[in-house]
1. Can you tell me which residue in the stretch 57-82 is nearest to Arg94 (Cα to Cα), limited to those that are surrounded by fewer than 15 Cβ atoms within 10 Å (Cβ to Cβ) and among the hydroxyl-bearing types (Ser, Thr, Tyr)?
2. Assuming Thr131 fulfils every condition listed in (1) closer than 15 Å to Pro6 by Cβ; (2) assigned to a loop (DSSP other than H, G, I, E, B) apart from one, which condition is it?
3. Which residues, taken from the stretch 183-200, are among the small types (Gly, Ala, Ser), open to solvent by 50 Å² or more (accessible area, probe 1.4 Å) and either at pLDDT 50 or above or in contact with a strand residue (DSSP E or B) (Cβ under 8 Å, 6 or more places away or on another chain) (or both)?
4. Among the residues of the stretch 44-56, write down those that are part of a helix (DSSP H, G or I) and within 14 Å of the chain's Cα centre (by Cα).
5. For the stretch 163-173, does any single residue satisfy the condition of being at pLDDT 90 or above and either farther than 24 Å from Asp47 by Cα or of a type in the set (D, E, K, R) (or both)?
6. Which count do you get for residues in the stretch 105-148 that are open to solvent by less than 10 Å² (accessible area, probe 1.4 Å), within 15 Å of the chain's Cα centre (by Cα) and of a type outside the set (Val, Ile, Thr)?
7. Given (1) open to solvent by less than 30 Å² (accessible area, probe 1.4 Å); (2) closer than 28 Å to Ala187 by Cβ; (3) without any contact (Cβ under 8 Å) to a residue 40 or more places away in the chain, where does Ala15 come up short, assuming only one miss?
8. Show me the strands (runs of 3 or more DSSP E) entirely contained within the stretch 70-110 in which 3 or more residues are β-branched (Val, Ile, Thr).
Amino acid sequence: MLLCGPSGSGKSLLAARSGLPVLRLDDFYKEGDDPTLPLVAESSDIDWDHPDSWDADAAVAAIVELCGTGRTDVPVYDLSLSARTGADTVDIGRTPLFIAEGIFAAEIVTRCRELGVLADALCLSRGPVLTFRRRFLRDLREGRKSVPFLLRRGWRLMRQERTIVARQTALGAYACDRDEAMGRLAAAAAGRCASLRTAA
């Protein structure tokens, strides 16, 4: 199950509340000294909201391995340092469904579908103003970047939110609010469990 949406839309909270295992796609960000990182237009700021700031190939490989073996090794990424600080193992055992969540999840919808590992793809949308507030307070609390950077980014993303949601839905994700997303997650989980019982 892929879960995307604008930064601050509540993806991580929803994933945690679902009770399903979670793969954090944000851990596949490139490191801050990577020469391929994109910049915000007419700025020296790195554009961490551009798909080129993220390693899609590594994310897809981890998803495929999780689906095939139930476990995979993933990097541990510190957003405040823009760096990988270690590695971890995600182990879902025999659980028939897990959530891969992150702002770039929609970028890999087609690849996951073609590989036969996609149950559903959701784009969580809460509205630009609410998302701006949630994102800024979260990033400030977690010390992700400097305050001026967070304000510049937040203002830019608030103006772009409808475009971001439109792009993610065009890539194959279904736009919905938190309650509808929880319903679709529950339905997908129930369907996968039923299929597993039938196969057994």
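1. Thr69
2. Every condition holds for Thr131 apart from (2).
3. Keep residues of the stretch 183-200 that are among the small types (Gly, Ala, Ser), which gives 183, 186-191, 194-195, 199-200.
After this cut, where a residue has to be open to solvent by 50 Å² or more (accessible area, probe 1.4 Å) as well, the list is 186-187, 190, 195, 199-200.
Ala186, Ala187, Ala190, listed by residue number.
4. At the first step, the residues of the stretch 44-56 found to be part of a helix (DSSP H, G or I) are 51-53, 56.
Once the filter is applied, which keeps residues that are part of a helix (DSSP H, G or I) and within 14 Å of the chain's Cα centre (by Cα), the stretch 44-56 yields Pro51, Ser53, Ala56.
5. Taking the stretch 163-173 first, the residues at pLDDT 90 or above are 163-173.
Checking which are either farther than 24 Å from Asp47 by Cα or of a type in the set (D, E, K, R) (or both) leaves us with 167.
Yes, the stretch 163-173 contains a residue that is at pLDDT 90 or above and either farther than 24 Å from Asp47 by Cα or of a type in the set (D, E, K, R) (or both).
6. Residues in the stretch 105-148 being open to solvent by less than 10 Å² (accessible area, probe 1.4 Å), within 15 Å of the chain's Cα centre (by Cα) and of a type outside the set (Val, Ile, Thr): 8 in total.
7. All conditions are met except number (3).
8. Details: elements: 71-78, 83-91, 99-101.
Those strands (runs of 3 or more DSSP E) span 71-78, 83-91.
The values are calculated or read from the model by the stated rules, or taken from the named source; none is laboratory data. Because the structure is a prediction, the values reported are computed rather than measured. FYI the Cβ positions are ideal-geometry reconstructions off the backbone, even for glycines, and counts take in every protein chain you see. Areas reflect the complete protein model, heavy atoms only, side chains present, ligands, DNA and RNA absent. Shrake-Rupley method; radii C 1.70, N 1.55, O 1.52, S 1.80 Å.
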